[in-house]
Amino acid sequence: MGSLSDSPGEFNSPTHPPPPPSLDEFQKQTSLMTTCTLLWKELTDHFTWLEQTLLTKSNSLSSKLQNLDAQTTHSLQVLEHRELTIDDAVSIQVKKAEESKSVALISVRDENENENENDVVGEVDDSEGLLMRLRFYCRRMDGEGIWRFVTGRKKELEGIRAQMPVALGDCVDPARFVMEAISEVFPVDKRAESSDRANDLGWACVLMLESLIPSVVDPFLGNSRLLVTPSMKERAKEIAETWKKSLDQRGGIENVKTPDVHTFLQHLITFGIVKKEDIDLYRKLVVGSAWRRQMPKLAVSLGLGDKMPDMIEELISRGQQVDAVHFTFEVGLEDRFPPVPLLKAFLKDARKAADSILDDPNNSGRATFLAARKEQSALRAVIKCIEEYKLEAEFPSGNLRKRLEQLEKTKSHEKRKPSSVPANKRTRANNGGPMPPAKAGRSTNAYVSSFPAVSSFPAAPTHVRSPSHTQYPAAGVPQYPAGPGMYGSRSPPSNLYAYSPEAGPHPFTGSYQVPPMSYPLYGSYGNGVAPVYHQAYYR
């Protein structure tokens with residue numbers, strides 16, 4: 001029989017309760033509860049974040065699906081509209097071509113009945129006569145004749161540019177006509193005489209390519225669909241490829257002439273044959289000819305809008321701040337590239353360049369003239385930029401105009417002074433003896449003896465401007481209205497067709513001495529960029 005201590009009844013007796021929990025056990029329980037609470041909160045936050053993330057992504061996906069559905073619906077409507085209108089558009093073009101053919105036949109018959117061509121086309125003494133002459137060539141599809149006519153009347157470019165789109169509407173095939181008309185110099189110059197090659201005709205090519213666009217736009221869809229036959233479009237592509245292959249013969253992209261570049265780019269836009277794989281080539285061509293005023297719009301039309309910031313930075317690094325300002329305003333990046341500091345830096349660089357000319361011993365005879373002309377060109381370019389973009393409040397041009405007037409007055413005053421440079425001694429070629437004295441009327445200035453005397457220096461061009469153009473879109477196809485318009489919404493330049501970018505500098509007919517002057521007006525501005533000056537501003 002066991003003892004009482006071993007009895008189960010005694011152990012569970014109410015008189016012997018279990019021992020109370022220890023403090024360590026309580027702390028363990030507390031720590032466990034704290035850990036569980038933290039884990040629960042962490043899990044709750046995590047699942048809440050997941051829920052919010054999924055909801056956000058779901059809303060974003062729903063929005064994208066809605067936009068995609070809207071775009072799909074719009075695209076289907078556009079395609080349906082294009083499909084419904086293409087037959088009508090083609091019918092209109094066919095009818096127009098038949099009418100042009102009939103008119104051309106009547107014109108040829110009338111010409112055969114008249115001995116004098118002027119009896120058919122009229123005298124070119126006003127805009128009506130000019131239009132009749134242009135229509136005469138267009139109706140006959142005489143590309144060679146209209147090319148000779150246009151290139152021989154450069155002084156009448158304003159009238160030709162206004163009447164050419166109307167005249168091209170009478171062509172049976174205007175795209176073929178224009179390509180044949182400019183084929184003498186584009187894509188390669190076929191003129192045999194070297195003297196003729198020196199006469200650049202890029203302005204005429206651009207004129208005709210731009211004038212062609214109103215004749216090939218769709219009557220229903222406008223410039224979003226160009227009515228150029230597949231054969232002509234293929235021919236346009238072949239011409240573009242031929243021009244690109246000829247770049248090596250021209251000395252590469254760096255040495256190609258700006259009018260040739262402008263013609264090539266306008267050719268791509270006119271016929272809607274911009275290629276995405278050639279974007280880098282287009283970018284290099286645009287930057288290399290950035291000083292031409294049409295280049296910003298051409299760049300946008302070529303699909304270079306997303307590359308504009310890099311192109312602007314490259315122009316700034318080259319010292320072409322004025323060109324950079326034009327590109328900046330074209331794409332609305334004025335906040336990223338403020339124009340006023342760029343213009344002030346441009347003026348500061350011009351002053352540095354002028355000082356370097358004055359310090360150059362090789363230019364001792366005409367250094368002051370060259371330095372003054374360089375500064376004048378820079379001032380004119382900046383003043384025009386301020387006027388065009390209405391920056392007068394940020395950059396008052398009053399001091400710049402005073403400085404420009406000061407340079408003009410100083411130049412005029414110095415020109416009236418008699419030349420003090422002694423005549424150079426000459427040596428007779430046969431026996432080494434001195435030559436007889438120079439004739440009485442011959443100038444003794446070594447720099448002007450080869451040129452006739454004039455009363456004043458020709459004003460240096462400020463910024464070479466080409467003809468005004470219509471607005472180009474952001475896509476590869478230009479947005480042209482039904483007829484020719486001004487170049488964008490800006491005020492037209494005073495000299496709309498000043499094509500001669502490759503022309504050499506004006507001959508110096510004399511020299512004058514300009515006293516050293518300080519530049520307190522804008523000399524303190526600059527960006528530290530080494531000055532690089534383009535011939536477009538300083539000639």
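The values are calculated or read from the model by the stated rules, or taken from the named source; none is laboratory data. This is a predicted model, so every value here is computed, not measured. Note: ideal-geometry Cβ built from the backbone for every residue, glycine included; neighbour counts use all protein chains shown. Surface areas here come from the heavy atoms of the whole protein model, side chains and all, with no ligands, DNA or RNA. Shrake-Rupley method; radii C 1.70, N 1.55, O 1.52, S 1.80 Å.
General observations
- Conditions (1) over 23 Å from Leu268 (Cα atoms); (2) open to solvent by 20 Å² or more (accessible area, probe 1.4 Å); (3) touching a Phe, Trp or Tyr at 6+ places or on another chain (Cβ under 7 Å); number of the one not met by Glu193: (3)
- Out of Ile316, Ile312, one residue alone is in a helix (DSSP H, G or I), more than 25 Å from Ala367 (Cβ to Cβ) and open to solvent by less than 10 Å² (accessible area, probe 1.4 Å). It is Ile312.
Residue-by-condition table, conditions (1) within 16 Å of Asp200 (Cβ to Cβ); (2) aromatic (Phe, Trp, Tyr); (3) part of a helix (DSSP H, G or I):
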| position | (1), (2), (3) |
| --- | --- |
| Leu247 | no, no, no |
| Arg250 | yes, no, no |
| Gln266 | yes, no, yes |
| Ile269 | no, no, yes |
| Leu285 | no, no, yes |
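- Filtered by the rule that a residue be among the aliphatic types (A, V, I, L, M), under 20 Å from Asp349 (Cα atoms) and surrounded by fewer than 24 Cβ atoms within 10 Å (Cβ to Cβ), region 288-300 gives no residues.
- Condition met for Phe337 (modelled with pLDDT of 95 or more and either part of a helix (DSSP H, G or I) or out of contact with any Cys (no Cβ under 8 Å at 6 or more places or on another chain) (or both)): yes
- Glu241 meets all of the listed conditions (1) without any contact (Cβ under 8 Å) to a residue 12 or more places away in the chain; (2) touching a Cys at 6+ places or on another chain (Cβ under 9 Å) but one, namely (2).
- All positions within region 171-200 that are under 25 Å from Ile92 (Cα atoms), of a type outside the set (A, V, I, L, M) and either touching a Cys at 6+ places or on another chain (Cβ under 6 Å) or assigned to a loop (DSSP other than H, G, I, E, B) (or both): Cys171, Asp173, Phe177
- The single condition among (1) more than 19 Å from Pro165 (Cβ to Cβ); (2) open to solvent by 10 Å² or more (accessible area, probe 1.4 Å); (3) touching a residue at least 24 places away in the same chain (Cβ under 8 Å) that Glu277 does not satisfy is (3).
- Ser224 part of a helix (DSSP H, G or I), open to solvent by 10 Å² or more (accessible area, probe 1.4 Å) and not β-branched (Val, Ile, Thr): no
- Some residue of region 197-220 being closer than 30 Å to Glu80 by Cβ and open to solvent by 30 Å² or more (accessible area, probe 1.4 Å): yes
- Of all residues in region 69-98, those being polar (S, T, N, Q) and surrounded by 11 or more Cβ atoms within 10 Å (Cβ to Cβ) number 2.
- When Gly272, Gly303 are screened for being closer than 22 Å to Leu209 by Cβ, open to solvent by 20 Å² or more (accessible area, probe 1.4 Å) and within 14 Å of the chain's Cα centre (by Cα), only Gly303 passes.
- Residues of region 130-170 that turn out to be among the acidic types (Asp, Glu), in a loop (DSSP other than H, G, I, E, B) and either touching a Gly at 6+ places or on another chain (Cβ under 9 Å) or surrounded by fewer than 22 Cβ atoms within 10 Å (Cβ to Cβ) (or both), as a count: 1
- Residue check, Arg250 of a type outside the set (S, T, N, Q), open to solvent by 40 Å² or more (accessible area, probe 1.4 Å) and more than 24 Å from Val172 (Cβ to Cβ): yes
- Each residue in region 253-269 was checked for being in contact with a Pro (Cβ under 9 Å, 6 or more places away or on another chain) and surrounded by fewer than 21 Cβ atoms within 10 Å (Cβ to Cβ), and 1 of them qualify.
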